[in-house]
Amino acid sequence: MTDIKALEQVAKNGSLDRREFVKRAGALGLAAPFATSFLSQSVHAASPKKGGKFIVGMAHGSTTDTLDPATHENGFSQNMVYTYANHLFEIDSSGQLIPELVESFDNADGATKWIFKIRKDVTFHNGKALTADDVIASINHHRGEDSKSAAKGIVEDIVDIKKTGSHEVTATLKAGNADFPTIMTDYHLVILPSKDGKIDWQSGIGTGGYIIDKLEPGVRVTYKRNPNYFKSDRAHFDEVEVIALIDTTARQNAIMNGEVHAINRVDPKTVHLLQRVPTLDILETTGTLHYTFPMRVDAKPFDNYDLRMAVKLSVDREELVKKVLLGHGALGNDHPISTANPYHNGDLAQRSYDPEKARFHLKKAGMEGVKIDLSTSDAAFAGAVDAALLIKDSAAKSGINVNVIREPKDGYWSNVWNKKAWSACYWGGRPTEDWMFKSAYIAGSKWNDTAWRTGPAADRFNSIVEQARSETDTTKRRTMYYEAQTIINDDGGALIPMFANHIHGVSKKVGHEDKVAGNWELDGNKSSERWWFV
């Protein structure tokens, strides 16, 4: 089978003519008629075709979702912006950073100044031409003292952003940042049309491959293909519909019954069931996705270091990876940096399950027999409730009584996460260390869901991250990021027991490139743009 798959790949690449393919297939035991059909299907599957309605079942969505990019907080709205709009840069299917709305770019003064030349062939859905003014207004939407944007922390280093030509923008930073173009791919930093220095986000108008037809927050969003899309080789579907199917069973049934063409977040427990469905493929990608249980250090009892350490030591991570992920992932070590990141600290000792040591810290904290509420829901991630119950069982052996509270799925992200003292969460991760830290761990981040902002360790962490951002010597930068991960692992409120693979169920009717992006789910959440019907 491996040889046949290899031959299929060669056929897709177009490096064999029909006669040579049939000859090689015959050597593998395939009859000539079958080989000819196989070749036709392989080439057909590799060739994007226009048309059809692509329906996706998403494990995200909330009735509080809006079109304001400053408020986006879950995968549904993230997928939405990547469908109807564009960014200055994007991560392609192979995981590489490439320009999107930028034609060319350069930096100066030790990467403190970035010059972006904006494409001149791009128009918004209403016919308005893209200009430097739109880029500036879109970035400024997240800046300023009064900004409540979730992206405020990742743009706060911009001292000034100004127009240096009708299609040229220059951004000046507080300090050098070699990762700045990558940060511009953040889904909040979508480029929208502007007027008088403000973006018009209410209209839902973008430059993307699809035009929003109807948005029902927490339910669905429908699109029609943009006939004037500047990427002629993308956006192959005539229509797209993304449905919020937060319930795992409902999502699985929808893909099995052919009601949708793709789903994200396949529960690891059901992978073997979906593999038996002849009309489906399982698409699995590895990246930076991790499942967390943030402890807010501004709320009792998590304001106590020894209590936090006791909790971290009372969790059987191997059991979670085995029973919740069913092996579709890896152990987490209480910091958010994946092995896929360039500066992952592989030297940091892996924290293991140690009830006795947990009891030591619990006694030191004077909290033996403590009872702690843990809010959870499968809205956080597939298996979050099961994971919480496993944590409850393992923690009991350390003398920690965990009270698992099953929260409603709808409204979980607005009513529970980042509000309750201890809850379940997921993070898609970020491709760079600085971006991840700025999103959820530096003092000024709105999404610092552990509220870990003050104290000697947090102060040291914030200082190191700031220094590393402008450090161009990779050896020195690595040392800094290693220390930053060590500090979070020790003092932070993040319980990060596991990194998970992205697991999707995809109809065999759908074609895509051989390699799909792992920076977000669903091919970097660009499946609507990059995929097609075969």
Loop-located GluC sites (Glu not before Pro) in the stretch 132-236, at most 10 other Cβ atoms within 10 Å (DSSP)
Glu145
Estimated FRET transfer efficiency when R0 is 56 angstrom, pair Thr286-Asp196 (beta carbons, to 0.05)
0.80
Show which lysines lie in cross-link reach of Lys128 when reach means a straight Cα distance below 23 angstrom and same-chain residues fewer than eight apart are skipped.
Lys117, Lys120, Lys162, Lys163, Lys195, Lys198, Lys214, Lys224, Lys231
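What FRET efficiency, computed as 1/(1 + (r/R0)^6) with R0 = 41 Å and r the Cβ-Cβ distance, is obtained for Asp373 and Asn257, rounded to the nearest 0.05?
On the way: r = 38 Å, r/R0 = 0.92.
The pair Asp373/Asn257 has a calculated efficiency of 0.60.
Say R0 is 35 Å: what FRET efficiency, to the nearest 0.05, do Lys162 and Thr66 get from their beta-carbon distance? Don't skip to the answer; put the middle values down first.
On the way: r = 29 Å, r/R0 = 0.82.
Working from the Cβ atoms, E equals 0.75.
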Electrostatic dipole magnitude of the chain [Cβ: Lys, Arg +1; Asp, Glu -1; Cα centre; debye, to 20]
820
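Taking the Cβ of Pro217 as the centre, find all other residues whose Cβ is under 13 Å away and add up their charges (Lys, Arg: +1; Asp, Glu: -1). Provide the component values of the computation, followed by the final result.
Numbers: positive: Lys214, Arg220; negative: Asp65, Asp68, Glu73, Glu216, Asp410.
Within the 13 Å Cβ shell, the charges total -3.
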Projecting each Cα onto the charge dipole of the chain (Lys/Arg +1, Asp/Glu -1 at the beta carbon, about the Cα centre), which of Val122, Gly366, Ala443 comes out farthest on the positive side?
Val122
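Kindly put Ile191, Ile442 in sequence by how many other C-beta atoms sit within 10 Å of each C-beta, fewest to most.
Ile442, Ile191
Within a 10 angstrom radius of the beta carbon, how do Met295, Met309, Met80 rank from fewest other beta carbons to most? All intermediate terms of the calculation are to be shown ahead of the outcome.
Details: Met295 26, Met309 21, Met80 29.
Ascending number of Cβ neighbours within 10 Å: Met309, Met295, Met80.
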Inter-probe distance in nm under a simple model that places probes 7 Å from Cα toward Cβ, at Lys476 and Asp233:
4.1
Consider the candidate values (i) 43, 31, 23; (ii) 38, 31, 22; (iii) 44, 26, 24; state which one is semi-axes √(5λ) of the Cα gyration tensor in Å computed from the structure displayed.
(ii)
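By counting other Cβ atoms within 10 Å of each Cβ, how are Arg478, Arg530, Arg460 ranked from fewest to most?
Working: Arg478 17, Arg530 23, Arg460 14.
Lowest count first: Arg460, Arg478, Arg530.
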Please compute the net charge surrounding Asn177, taking Lys and Arg as +1 and Asp and Glu as -1 over other residues with Cβ under 9 Å from its Cβ.
-1
Net charge contributed by nearby residues that have their C-beta within less than 11 Å of Ala379 (K/R +1, D/E -1)
-1
Links that overshoot a 30 Å alpha carbon limit, given the list Lys152/Lys364; Lys371/Lys409; Lys419/Lys515; Lys148/Lys409; Lys300/Lys446; Lys371/Lys446:
Lys152/Lys364; Lys419/Lys515
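Calculate, in nm to one decimal, what Asp247 and Glu319 gain on full extension: separation in residues at 0.36 nm each, minus their alpha carbon distance.
23.5 nm
All of the numbers you see were taken from the coordinates with simple rules; none came from a lab. Note that the coordinates shown come from a computational prediction; the quantities given were computed from them, not determined experimentally. Here Cβ is always computed from backbone atoms with ideal geometry, including for glycine, and neighbour counts include all displayed protein chains.
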